[in-house]
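K.L.:
Got a structure for you, written out below as structure tokens; questions coming shortly.
The values are calculated or read from the model by the stated rules, or taken from the named source; none is laboratory data. Please read these numbers as outputs of a predicted model, since none were measured by experiment. Cβ: placed from backbone, ideal geometry, glycine included. Neighbour counts: every protein chain shown. Keep in mind that these areas ignore ligands, DNA and RNA; they rest on the heavy atoms of the full protein, side chains included. Shrake-Rupley method; radii C 1.70, N 1.55, O 1.52, S 1.80 Å.
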Amino acid sequence: MEFRHLGRSGLMVSEISYGNWITHGSQVEEEAATACVRAALDTGITTFDTADVYAGTRAEEVLGRALRGERREGLEIFTKVFWPTGPGRNDRGLSRKHIMESINGSLRRLQTDYVDLYQAHRYDYSTPLEETMEAFADIVHSGKAHYIGVSEWKASQIREAHQLARELRIPLVSSQPQYSMLWRVIEAEVIPTCEELGLGQIVWSPMAQGVLSGKYLPGQPPPAGSRATDEKSGAGFIAKWLTDDVLTQVQRLTPLAEQAGLTMAQLAIAWVLQNPNVSSAIVGASRPEQVHDNVKAAGVKLDADLLKAIDEIVEPITERDPAKTESPAQRP
Ligand SMILES: NC(=O)c1ccc[n+]([C@@H]2O[C@H](COP(=O)([O-])OP(=O)(O)OC[C@H]3O[C@@H](n4cnc5c(N)ncnc54)[C@H](OP(=O)(O)O)[C@@H]3O)[C@@H](O)[C@H]2O)c1
């Protein structure tokens, strides 16, 4: 495993982190979830990403149990707040009330005294940013989180939060956006702003939820046991990528991966890590073999000719519009 600084902070994270959205507490049984976490630890992953909302809060519980007994100082545990965790109108968003309640719930479920990074899972247009940042400041100053991050915030929102964080003397160190060969909306605005302000990207769905592994074939049913067959939740999220146009272009990447001596999954993960503003690629897995495959993307250098050839293939199916970095206009 290779390690990078999280933005300009002193915190080191593994280039590849393990995330448990859709899988833990939902798509996969606890035994498989634990086996994936074990595989992650065995292959040198130290950074784990979850959220209060995943699997209706069960994902944090599963991760907490899977990591029990590990040396806490050897791990970086990240979680998030924003999406609903209960039926009440205050069980969501970034109000002081919800942030304070949510961090306590997350710490209890994760069986830890602190998280390394606490992230605003979206921007909340119904709460003054000052209220949110002051609540984060109290959480940092009470030792419940060491660093603060945001997810899917626009460049202008990151800039405003960064100014407040400086005034409140708390470290706002990261942005967690979707980023892959197919989804490059952060390149125009979010990345330059974060480079200037010292935030690193911890990118999600670097494999476009498994699509860039090449296992989904145009005109064919999805492979058994894949996310696209998970009717509980995964199938709905991955559906937008499962068009013949996308799947046909993705298959054209196969010879490039072969020439580079990589699997398609490794190529996709290595691709996001070529961007120096990316601190870590958060990779999901439903079985331990995938973790073993994926971690080999750490430290891989892709040459300029290969990057150009990839660009040419994916250009017709790549989204680049910075306006696609979005948060809900109303609280969910
Ligand atoms: N901040 C946010 O709003 C946000 C949103 C989404 C995700 N995230 C974070 O990012 C993490 C990763 O997201 P993701 O799971 O969508 O990422 P991903 O790495 O793009 O997709 C992971 C999925 O692809 C399949 N896969 C993994 N390795 C494979 C391999 N080697 N060969 C074939 N298939 C493979 C697995 O699904 P199957 O085996 O089931 O097909 C796995 O669950 C999440 O767990 C979460 O921590 C954050």
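K.L.:
On the full set of protein chains, 1.4 Å probe, figure out the accessible area of Trp204 and give it in Å² to the nearest 10.
P.N.:
Its accessible surface works out to 50 Å², give or take rounding.
K.L.:
Counting only heavy atoms of the protein chains, get the accessible area per residue of the chain (1.4 Å probe) and round it to a whole Å² value.
P.N.:
Spelled out: the 1.4 Å probe surface of the chain, per residue, equals 41 Å².
K.L.:
Find out how many positive minus negative residues lie around Gln259, taking Lys and Arg as positive, Asp and Glu as negative, among other residues whose Cβ is under 11 Å from that of Gln259.
P.N.:
Taking every other residue near Gln259 into account, the sum is -3.
K.L.:
Considering the dipole of segment 109-203 built from charges on the beta carbon (Lys and Arg +1, Asp and Glu -1) around the Cα centre, which of Gln178, Ser156, Pro128 is farthest to its positive end?
P.N.:
Gln178
K.L.:
Keeping every protein chain in place, order Val140, Val272 by accessible area at 1.4 Å, biggest value first, i.e. largest first.
P.N.:
Order by accessible area, largest first: Val140, Val272.
K.L.:
Next question. Run the helix sum for the chain: -39,500 (n - 2.57) per DSSP H stretch of 4+ residues, divided by residue count, reported at 222 nm to the nearest 500 deg cm²/dmol. Walk me through the intermediate numbers first.
P.N.:
Numbers: 12 runs with 121 residues, N = 332.
Per the formula, -10500 deg cm²/dmol.
K.L.:
Return the distance in nm (one decimal) between the two label points of a simple spin-label model at Asp244 and Lys97, each offset 7 Å from Cα along Cα→Cβ.
P.N.:
Simple spin-label model gives 5.2 nm for this pair.
K.L.:
Calculate, in nm to one decimal, what Asp42 and Arg320 gain on full extension: separation in residues at 0.36 nm each, minus their alpha carbon distance.
P.N.:
96.5 nm
K.L.:
Could I ask something else about it? Work out the charge dipole of the chain with +1 on the Cβ of Lys and Arg and -1 on the Cβ of Asp and Glu about the Cα centre, then indicate which of Val211, Thr79, Ala270 is farthest towards its positive end.
P.N.:
With unit charges placed on the Cβ atoms, the residue in question is Thr79.
K.L.:
For segment 204-305, give the percent of accessible area contributed by carbon and sulfur heavy atoms, probe 1.4 Å, rounded to a whole number.
P.N.:
The C+S portion of the solvent-accessible surface of segment 204-305 is 55 percent.
K.L.:
Also: Which value, in debye to the nearest 20, describes the size of the charge dipole of the chain about its Cα centre when Lys and Arg Cβ atoms bear +1, Asp and Glu Cβ atoms bear -1, and nothing else is charged?
P.N.:
Numbers: 34 positive and 44 negative charges, 119 e Å.
I would put it at about 580 debye.
K.L.:
Multiply the residue gap between Lys308 and Arg8 by 0.36 nm, knock off their C-alpha separation, and tell me the result in nm, one decimal place. Working shown, then result.
P.N.:
Working: separation 300, 0.36 × 300 = 108.00 nm, distance 2.88 nm.
Net length gain for the segment: 105.1 nm.
K.L.:
Which sequence of Leu273, Leu197 reflects their accessible areas, 1.4 Å probe, from the largest down? Working shown, then result.
P.N.:
Working: Leu273 10, Leu197 30 Å².
So the residues, ranked largest to smallest area, are Leu197, Leu273.
K.L.:
Pop out the ³J(HN,Hα) list for segment 41-53 in order, Karplus 6.51 cos²θ - 1.76 cosθ + 1.60 with θ = phi - 60°, rounded to Hz; leave Gly and Pro as x.
P.N.:
These are the phi-based 3J(HN,Hα) values: 5, 5, 8, x, 5, 10, 10, 10, 10, 9, 7, 4, 7 Hz.
K.L.:
Rounded to the nearest 20 Debye, what is the dipole magnitude of segment 34-113 about its Cα centre when Lys and Arg each give +1 and Asp and Glu each give -1 at the C-beta?
P.N.:
Approximately 280 debye in magnitude.
K.L.:
Express the carbon and sulfur contribution to the solvent-accessible surface of segment 89-202 as a percent, rounded to the nearest whole number, probe 1.4 angstrom.
P.N.:
44 percent
K.L.:
Using amide H atoms built 1.01 Å from N in the peptide plane, name the residues 5+ places from Phe3, or on other chains, whose amide H lies under 5 Å from its own.
P.N.:
Correct list: Glu15.
K.L.:
Next up: Please compute the length gained on full extension between Leu75 and Glu31, using 0.36 nm multiplied by the number of residues separating them and subtracting their Cα-Cα distance. Before the final figure, lay out the partial values.
P.N.:
Values: separation 44, 0.36 × 44 = 15.84 nm, distance 2.09 nm.
Result for the pair: 13.8 nm of gain on full extension.
K.L.:
Also: Leaving ligands, DNA and RNA out of it, report the carbon-plus-sulfur percent of the accessible area of segment 1-67 at a 1.4 Å probe.
P.N.:
So the carbon and sulfur contribution to the accessible surface is 48 percent.
K.L.:
Which number comes out as Rg/Rh for the chain once both Rg and the Kirkwood Rh are worked out on C-alpha atoms?
P.N.:
Across the chain, the Cα-based Rg/Rh ratio is 0.94.
K.L.:
Give me the distance between the Cα centres of segment 1-40 and segment 231-266, rounded to whole Å.
P.N.:
21 Å
K.L.:
Among DSSP beta bridges whose residues both lie in the chain, state the antiparallel percentage, nearest 5.
P.N.:
Details: 4 of 32 bridges.
Just about 10 percent of them are antiparallel.
K.L.:
Still on this model: How about segment 127-178: which trypsin sites (Lys or Arg not before Pro) there are in a DSSP loop, with at most 16 other Cβ atoms within 10 Å of their Cβ?
P.N.:
Qualifying residues, ordered by number: Arg169.
K.L.:
So which GluC sites (Glu not before Pro) in segment 65-124 end up in coil per DSSP with only 16 or fewer other C-beta atoms within 10 Å?
P.N.:
Glu70
K.L.:
In the structure shown, do any of Lys154/Lys301; Lys301/Lys324; Lys80/Lys232; Lys97/Lys324; Lys215/Lys296; Lys215/Lys324 have a Cα-Cα gap over 24 Å, and if so which?
P.N.:
Numbers: Lys154/Lys301 29 Å; Lys301/Lys324 29 Å; Lys80/Lys232 22 Å; Lys97/Lys324 29 Å; Lys215/Lys296 18 Å; Lys215/Lys324 27 Å.
The pairs that break the limit, which is 24 Å between Cα atoms, are Lys154/Lys301; Lys301/Lys324; Lys97/Lys324; Lys215/Lys324.
K.L.:
Taking the chain as a Gaussian network, Cα atoms linked when under 10 Å apart, which of Gly198, Gly69, Gly284 shows the biggest mean-square fluctuation?
P.N.:
Highest fluctuation among the options: Gly69.
K.L.:
What spacing in nm lies between the two simple spin-label points modelled at His141 and Gln163, each 7 Å away from Cα in the Cβ direction?
P.N.:
Placing both labels 7 Å beyond Cα along the Cβ direction yields 2.1 nm.
K.L.:
For segment 292-329, state which trypsin sites (Lys or Arg not before Pro) are in a DSSP loop and have at most 14 other beta carbons lying within 10 Å of their beta carbon.
P.N.:
Lys301, Arg320
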